Amino acid sequence: DPDMQLAEPGRGSKIFIYGIALAAGTGSYAGLSALLGGGMSGFPSFDTVAVQRIDYVMMLVYMLCGCVLAYFYETTHTVTRVIPGVAKEILAGICLGVIGMLIPAVMFSGEEQMGVLMKEYAGYMAIVLIGVAFLKVLLTNLCIQFGLKGGHFFPVIFAGVCLGYGLAMLFFGQQGDSHVVFAAAIVTSTLLGGIMKKPLAVTMLLFLCFPVKIFIWIFIAAAVGSKCVKKMGKEV
């Protein structure tokens, strides 16, 4: 009967299905990484890190900052979408060219830039990396909404990593080396969770670059980002 509809799975069923899918994806990735080598080609992958107790405490700060950047993304996405005019592409090109000459790190999709950042982040001030994260989000929305070709997933991942690195350096100073990967993972997953509203999809996407052993924390951060940004959007 064409009028018959499948029953919507309940909350408990969804959690169970998501858990099975997450476990299957994690297991598959771990097996393939052990067999073929770590990380997927085409995007920089972080080395496995030892998570310390202070990192779990700092998760609250990282998730809060990820939510702020996600809300900034949503706001700039809405604002740039309603700007009128037939010369939007020209304006986007001018902004991209000027900012690209002044701050080359915000150019392109972020794969190559993230690889450089992972090696040379200690040469940047923490506040600069935080500023680059917000500028990258703004410029990405500006270019896409004004008609230039491209997507937002990889640029947003790069922005999240920049913010995570900047926060770890801000709070831990020269000892931040052992904290930057976890900070980047939590900020990025919260940011993507707030934008995509699909924590499981975010977790699977971040298989591209973050260690398998912290994926439970990535999933939690993505879920928090999804819920918080939804709530922030309704209250505004």
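Give me the extension gain from Ser178 to Ile103: residue separation times 0.36 nm, minus the current Cα-Cα distance, reported in nm with one decimal.
Here the segment from Ser178 to Ile103 would lengthen by 24.3 nm.
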Sticking with the crude label model, points 7 Å out along Cα→Cβ, report the distance from Thr78 to Lys227 in nm, one decimal please. 2.3
Å² of accessible area per residue within the range 102-215, as computed with a 1.4 Å probe and no ligands counted: 38
Please work out how much length the chain gains when fully extended from Ile54 to Lys198, using 0.36 nm per residue of separation minus the C-alpha to C-alpha distance, in nm with one decimal. 49.1 nm
As a test question: what accessible area, to the nearest 10 Å², does Phe171 have when a 1.4 Å probe is rolled over all protein chains in place? 110
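The values are calculated or read from the model by the stated rules, or taken from the named source; none is laboratory data. Predicted model, so just to flag it, every value in this text is computed and none were measured. Note: ideal-geometry Cβ built from the backbone for every residue, glycine included; neighbour counts use all protein chains shown. Accessible surface is based on the protein model in full, side chains and every heavy atom, while ligands, DNA and RNA are left aside. Shrake-Rupley method; radii C 1.70, N 1.55, O 1.52, S 1.80 Å.
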